[in-house]
Ligand SMILES: C[S@@+](CC[C@H](N)C(=O)[O-])C[C@H]1O[C@@H](n2cnc3c(N)ncnc32)[C@H](O)[C@@H]1O
C-alpha cells in the first residue's frame, strides 16, 4: 500500500527486489538464503539475473504452513537442491543445514520490524557468511512494537540532539554511506528508519568489514526499506567491535563472544588481551576513541568517585577495578 495514495505499489517492490538480488559477482552464488514468499519472486528474479542458478543450494524459510507448501512446489521446479525451514527463522539451526558450506548471497525479505529475538539470531549467525557475501534485508520503517528498535531509535535521537553521544561514530558512518547510496521517499527525518539501518549494519559488522551497497524505499502495507550490504574480510579493528557491541548492548542485545563458531574469535581475543593489559583509565571504562579528551577525563573522574559510566551495565560496574565501591575493592579491603 502506498502511504500517500493508500494503494499497494507492486512496481516499487519490484524495483527494490531487483536491486536486492543483483549480484556484482561473475559466478552464481553457491548458497542462497531467503524468504521467498508465496510466489518465490525473489528466487525467480535471482535466477533471471544470474545471481543464482539451478545448482545453487537454496535455504528457504517460511513460518506460514500454506505459504511453505506453495514455496516447496515451486522450488522443486526451480532448483536442484534446497532446504525449506517451515517455522520462524529464529528457530532455524542453519549450521546443520549448511554443514561445510557458507552463505554467499542472502535476501532476508522480512518486511517487518527488527525485534530483539531476530536481532539476536542475526548476531548469532554472523559466522555463516563467506568473506565476500552480499546480504540484503527489508524492514518496516514504521514504528511497530519492538523494544529493540525503540531503544535503538532513542539512542540515535540522543545522538542527533547531543554532540557528546557515544554512538557518533556508528551514526556518522551509516549516515555517510546512506547519503551516497540511498533513495528515500518518505522524508529524511525518519529516526526509526535510520536506527533500523544502523542496527542491521552494527549486527553484520561484528566480525566483518561491512559496507552499504544499496538502499531503497518502497511501500508495502506500510513504508519499507531495502538495505543491502557487502561483506569483506578487510581488517576489522578491535575498537570498531567494542563500539558495535556497546551499541547493541545498549539496545538490550547480549553479544556472546564465547561462541566457538565466531570466525574472528581468536584474533579478537588476542587483541582484547593485548589491549586490556596496558589500557588507559578511559579505555578501561570503555570510552569511545573519538570522545573529546575533556569528556574522557570527566568520565574517569566521575568513575573514581563511584559514578558508573552510563553505557556500562551495573553488574559489570560492580566488578570493575576502577569502582571504589565495587566488589573487587571491598574484597581486597
Ligand atoms: C515479503 S514476503 C517475501 C516476498 C518475496 N521475497 C518476494 O520477493 O516477493 C515475506 C515472507 O516471509 C515470511 N516471513 C517473514 N518474517 C519471517 C520470519 N521471521 N520467519 C519466517 N518467515 C517469515 C512471511 O510469512 C512471508 O511469506
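FYI, it's all coordinate maths here, none of it is from the lab. All values reported here derive from a predicted model rather than from experimental measurement. With ideal geometry, Cβ positions are generated from the backbone for all residues, glycine too; neighbour counts draw on all protein chains shown.
Observations, loosely collected:
- FRET efficiency, 1/(1 + (r/R0)^6) with R0 51 Å, evaluated for residue 76 and residue 289 via beta carbons: 0.45
- Per-residue Cβ neighbour rank within 10 angstrom, fewest leading, 45, 11, 217, 117: 11, 117, 45, 217
- Chain lengthening between residue 315 and residue 69 when straightened (0.36 nm per residue, less Cα-Cα): 83.8 nm
- Note on residue 305 and residue 157: with the Förster distance fixed at 25 Å, the Cβ-Cβ geometry gives a FRET efficiency of about 0.30.
- Between residue 131 and residue 280, the simple spin-label model (points 7 angstrom out along Cα→Cβ) gives 3.3 nm.
- Its Cα gyration tensor gives segment 10-250 an equivalent ellipsoid; the semi-axes, largest first and in whole Å, are 29, 19, 17.
- Burial ordering of 219, 42, 142, 111, fewest other beta-carbon atoms within 10 Å first: 142, 111, 219, 42
- Average Cα contact separation per residue, segment 10-250, under 8 Å, 6 or more apart, as relative contact order %: 19 percent
- Note on residue 181/residue 11: beta-carbon distance plugged into 1/(1 + (r/R0)^6) with R0 of 25 Å gives a FRET efficiency of 0.75.
- Extension gain, residue 24-residue 147: 0.36 nm per intervening residue step, less the Cα-Cα distance, totals 40.7 nm.
- Exposure proxy for 185, 141: other Cβ atoms within 10 Å of each Cβ, ordered fewest to most, give 185, 141.
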